[in-house]
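Structure record follows, encoded as structure tokens.
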Amino acid sequence: MYAAREFFGKDVLTLYHGSSVIVRRPSLEGGRPNNDYGRGFYCTESLKLASEWACPTLEDGFANEYKLPLDGLTLLDLSSAEFNVLNWLAVLLENRTFENGPTGWSEGRQFIIDRYRVDIEGFDIIHGYRADDSYFSFARDFLTNQISVKTLEQALFLGGLGYQVVLKTQRAFAVLEHMGADIAQGSYWNPLRMACDGQAREKYQEVREKSGVCADDIFLIDLMRGGR
């Protein structure tokens, strides 16, 4: 556990949230339970990323800006050296909804959750990787033993998705201040969003094609057999 102010090195954090509407008063209850890290308010420190995510279509959206005083807030940083890609995947598998896969899919999913689960409850803020639809294809490939842990780890940094900051408690919401909202033009930001996703998928295919099976590659089946 970190004190949020110590981790970010700031007293106040500037955050952005992309949405189809202006969100002046976000609430914990308004968050969907099947997001990356469960119910919460998902933000980024990047105005660019918020603008892209405000425009899932060519319709205009809004990049909402907030100030979050960090004094007294606790942080779980899933990108720290304390955790690895399998911890991130366990959190994702536990919270997100995945379509059923081939034989062994459910067993592999449950194995990752049971062995690498991270208790995210009780923290005011979570800092961790962002995910989108392209990342689910990476996770599916790992769960069906088509890629190794190393390739999955490489895939996390493709496409420039960056990190997100998620508010998880009423204590964090109570001090969050809405500073305004900029219009995000869908005709500009949606193509950039789509290009980012396409770039991630294209680079992933390149990484997957170039990655041969090395002696130190670890696949899910190796972990489940207890061989590594």
Revision key, fill the gap. Taking the range 1-32 and keeping residues of a type outside the set (Gly, Ala, Ser), over 25 Å from Asn190 (Cα atoms) and open to solvent by less than 80 Å² (accessible area, probe 1.4 Å) leaves Phe7, Phe8, Val12, Leu13, Leu28
Point to revise | Checking Arg109 against (1) touching a Leu at 6+ places or on another chain (Cβ under 7 Å); (2) surrounded by 19 or more Cβ atoms within 10 Å (Cβ to Cβ); (3) touching a residue at least 40 places away in the same chain (Cβ under 8 Å), the condition it does not meet | key: (3)
Practice item. Check whether at least one residue in the range 220-227 is farther than 13 Å from Lys150 by Cα and at pLDDT below 80, and report yes or no. Key: yes
Check your understanding: For the range 175-197, what are the residues that are open to solvent by less than 50 Å² (accessible area, probe 1.4 Å) and either over 27 Å from Ile126 (Cα atoms) or without any contact (Cβ under 8 Å) to a residue 24 or more places away in the chain (or both)?
Key -> Gly186
Practice item. Considering each of Leu47, Leu58 in turn, give the residue that is in contact with a strand residue (DSSP E or B) (Cβ under 7 Å, 6 or more places away or on another chain) and over 25 Å from Glu94 (Cα atoms). Key: Leu47
Exercise for review: Report yes if Trp88 is closer than 25 Å to Phe138 by Cβ and open to solvent by 70 Å² or more (accessible area, probe 1.4 Å), otherwise no.
Suggested key: no
Review point. Applying the selection to the range 33-66, what residues are open to solvent by 30 Å² or more (accessible area, probe 1.4 Å), under 14 Å from Tyr163 (Cα atoms) and either among the small types (Gly, Ala, Ser) or part of a loop (DSSP other than H, G, I, E, B) (or both)?
Key: Glu45, Ser46
Point to revise | Residue check, Ala172 open to solvent by less than 30 Å² (accessible area, probe 1.4 Å) and assigned to a helix (DSSP H, G or I) | key: yes
**Study point:** Selection count, the range 75-84, where residues are open to solvent by 30 Å² or more (accessible area, probe 1.4 Å), over 18 Å from Arg117 (Cβ atoms) and touching a residue at least 12 places away in the same chain (Cβ under 8 Å)
**Key:** 0
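The values are calculated or read from the model by the stated rules, or taken from the named source; none is laboratory data. Keep in mind that this is a model prediction, so the values were computed, not measured. Here Cβ is always computed from backbone atoms with ideal geometry, including for glycine, and neighbour counts include all displayed protein chains. In case anyone asks, the SASA skips ligands and DNA or RNA and just uses the protein heavy atoms, side chains included. Shrake-Rupley method; radii C 1.70, N 1.55, O 1.52, S 1.80 Å.
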